[in-house]
Amino acid sequence: EIVLTQSPDFQSVTPKEKVTITCRASQSIGSSLHWYQQKPDQSPKLLIKYASQSISGVPSRFSGSGSGTDFTLTINSLEAEDAATYYCHQSSSLFTFGPGTKVDIK
Amino acid sequence: QITLKESGPTLVKPTQTLTLTCTFSGFSLSTSGVGVGWIRQPPGKALEWLALIYWDDDKRYSPSLKSRLTITKDTSKNQVVLTMTNMDPVDTATYYCAHFHWGAGDYWGQGTLVTVSS
């Protein structure tokens, strides 16, 4: 079973700051890595698919990179509405979700 | 417009079997690359993938829960059903169904909270 780890667990950020969240897989998953945003009491929302592919309707400040075992979600110029928990998810071998990274606004 | 909605009991007793139904619209589960999956989230905790059924009826399960899960689809009714046996209080969670296109979960239901308690 492929295990995903995320860092940091929690990040408190001021508006307009850049946020970087990393996701590491226990074995190579190619580019089969997706990122979701979940706000309190809401369903997860797909932000980035296949490591770096953008999703229609998602603000351009969200971007993804990486391949193999190491991946990054970047939020450029954070906005207050970006306060949420962010999860990575691999679909290379069965499915696994990461433990999440909570982003709070200072 | 793709929508999914979960339905089922809100309260089950320990040892009982949970049956959840995902009713969807806006897509066909016969289309290549499409799957419907179930994911749960205990209160205040992370997402946990449970099961997935593909357009070709291929079924995949979480290894840790495989012995307790069954996923089926009724293409004519646009429904996917998940059964989980031998429910325990630790299975208390919000259960989501989602549309997956070549592995990415692009549409999610609103979720349904299932509490396991005697």
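What follows is calculated from the coordinates using simple rules that are stated; it is not laboratory data. All of these numbers come straight from a predicted model, not from anything done at the bench. Cβ atoms come from the backbone with ideal geometry, glycine included; neighbour counts cover every protein chain shown.
A few points about this structure:
- Nonlocal amide H pairs with A:T96, under 5 Å, H built at 1.01 Å: A:Q90
- Modelled spin-label separation between B:A46 and B:T115, with each label point placed 7 Å from Cα along the Cα-to-Cβ direction: 2.7 nm.
- The H on the amide N of B:L50, modeled in the peptide plane, is under 5 Å from the matching H of B:W38, B:I39, B:R40, each at least 5 residues off or on a different chain.
- Tail fraction, Cα-Cα pairs, chain A, threshold 16 Å, whole percent: 52 percent
- Per-residue ³J(HN,Hα) for region B:79-87, Karplus 6.51 cos²θ - 1.76 cosθ + 1.60, θ = phi - 60°, Hz, x for Gly and Pro: 9, 10, 10, 10, 10, 10, 8, 6, 5
- Cross-link partners of A:K18 among lysines, defined as those whose alpha carbon lies under 20 angstrom from its own and excluding same-chain residues fewer than eight positions apart: A:K39, A:K102, A:K106.
- Whole-angstrom gap from region B:1-51 to region B:73-87, using each part's C-alpha centre: 8 Å
- Added length on full extension, which subtracts the Cα-Cα distance from 0.36 nm per residue, A:D9 to A:K106: 33.3 nm
- Database remark: amide H of A:T69 closer than 5 angstrom to the amide H of A:I29 (H placed geometrically; neighbours at sequence offset of 5 or more, or on other chains; Pro and chain starts carry no H).
- Evaluating 6.51 cos²θ - 1.76 cosθ + 1.60 at θ = phi - 60° for every residue in region A:60-66, the Karplus couplings come out as 5, 6, 8, 9, x, 8, x Hz, glycine and proline recorded as x.
- Lysines whose Cα lies under 20 Å from that of B:K77, excluding same-chain neighbours fewer than 8 positions away: B:K5, B:K59
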